[in-house]
1. Residues in the stretch B:20-64 near a label at B:Val84, defined as backbone nitrogen under 14 Å from the 7 Å Cα→Cβ point?
2. On the first, second and third principal axes, largest extent first, how far apart are the outermost C-alpha atoms of the stretch A:1-121 in Å?
3. Arranged by the count of other C-beta atoms within 10 angstrom, fewest first, what order do B:Ile14, B:Ile279 take?
4. Could you work out how far apart the two model spin labels at A:Ala113 and B:Leu323 are, taking each label as a point 7 Å from the Cα in the direction of the beta carbon, and quote it in nm?
5. Calculate the tail of P(r) for chain B: the fraction of all Cα-Cα distances greater than 26 Å, expressed in %.
6. Please work out the ratio of the alpha-carbon Rg of the stretch A:57-138 to 2.2 N^0.38 Å and round it to two decimals.
7. Mind checking the mean number of beta-carbon atoms from other chains within 10 Å of the Cβ atoms in B:117-125?
8. Arrange the following residues from fewest to most other Cβ atoms within 10 Å of their Cβ: A:Met23, B:Met309.
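Bear in mind that the values in this text are calculations on the coordinates, not laboratory data. If you're wondering where the values come from, they're calculated on a predicted model, not measured in any experiment. Please note: Cβ atoms are built from the backbone with ideal geometry, for glycine as well, and neighbour counts cover all protein chains shown.
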Amino acid sequence: MVNPWIAIGALAVVAVVIPVSMMVVSSLLRPSVPETSKRATYESGEVPTGSSRAIRFNIQYYMVALLFVVFDIETVLIFPWTVVYDDAIDKVGLFRALGPMVLFIGILVVGLAWAWRNGAVEWVRSPRADRQRTEQQT
Amino acid sequence: MTFPVLATPLPDAIAETVGLGPDTVAGSLTGGLVAAVIIASALLANAAVAGPWAKRRVYSSFIDKVGPSRHGPAGLLIIVADAVRMLSKELVIPEGVDRPAFDLAPVVMAASALLGFAVIPFGTIAGIDIQLADPETGLVFVFAVASMASLGLVMAGYASNNKFSLLGGLRAAAQNIAYEIPLVLVGASVALFFGTLQLGDIVASQRDTLVTLGPLVVPAWYALINPFAFVLFMAANLAEVGRNPFDTPEAPQEIVAGHMTEYSSVYFVLLYLSEFIHIFLGGALVAVLFLGGPAGPVLPGPVWLLVKMWAVFLFTQWARATLPRVRIDQLIEIGWKGMLVLSLVNFLLTAVLVPFV
């Protein structure tokens, strides 16, 4: 094997060719009967109102995505350390090999605790939804 | 325990068979392409058995009904019937869809699921090592490629111009990113224990003997060394493939299958198939990292890896039939407050344990 990435690239090509060829085969087989009401988006049988790209959704989706970026970069930085860790213990001892990583994860845990305390990982409900809920209960 | 002799990797074996040397670029390319076609076809066959037939039969047994039984022996021909039916259905494209994204999403999802298998070691059969490639960064590659599915989910949800789909896509993104970090951290703890990211090496390390109980030799499978990590990984994997109790992104009773609402015909087939291939990719990762990969008595390696992949698949179906769905707020709290903290604890515990083994 010259380079393992050649074979991986080959699978990448195959993995794209298979779905595309399935689409082509299907396009030769299937009928096409366009009707106006058939193409309406599904909204529980009602006539759809407004565009789906204009709706407001919960800010929480943005908060967790922001938090994810931090922790994802953390995992990227952890991976090289996992490979050299065993050799590093032999060379510089357990304390100097493990200490920096404990500090690094410690800083992240402080960040997580801060986000936790400020409710970034708690599902926020809009004031209107809360009001509706109390109205239903009374 | 069987210790394999030096085996030829599958692409090299093919390159030699067609008469091109395995050390030339042309030989690598031909061997790689043919091997890729073989592996991808085998996976599609697995997903085709799992999707229309096995899933229905298993679920039917759980809820005490019969399931598909009329088409051929044990209803197996329903696979053919469903394939022909879905491929020849009309493709209904709703008004106002974002066309390139709507068409690309099924391709992205299917490709990301298939590409993950490039580095999975399937074991040795007849002196040939069924593994496409074994790069040094195999584990990182699998995680990176598998997480591309979130991109496909968001594309499908956004492009459909349907409110249910948009919510489904957003939920899928929130869930995948929340459980990705525990999954990767637990995977990193396995890499830390064995000191390598190469999947072939991780499997080889698990061939050692852990303890000997009389005539029974217990191998050093990581699930036996650290069951805590195994449970964490299984839970995070369930969330990553979107199965109960973490199937909030699809939630047919709330948001009518989320990102799949507006998809029909072959596009739906691709989304549906890619879900099953993702479950099998998760199962293969569980097998390789925790259950010794293709190791097992009597039967050849690829058979054992398939058995382990199907075992994980049956576990997801068991969970699907028995566990209630968590709410989206519970999902976020379990992910960020529970799983993340536990996986960090697991990671540091592994780091402390490494010098003593």
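1. Flagged as within label range: none.
2. Principal extents (largest minus smallest coordinate, Cα): 73, 53, 17 Å.
3. Working: B:Ile14 21, B:Ile279 28.
By the 10 Å Cβ count, ascending, the order reads B:Ile14, B:Ile279.
4. Calculated label separation equals 3.0 nm.
5. Details: 33865 of 63546 pairs.
Every Cα pair in chain B considered, those over 26 Å come to 53 percent.
6. Dividing the Cα radius of gyration by 2.2 N^0.38 Å gives 1.72.
7. Whole-number average of other-chain Cβ neighbours for B:117-125 is 2.
8. If I rank by nearby Cβ atoms, fewest first, I get A:Met23, B:Met309.
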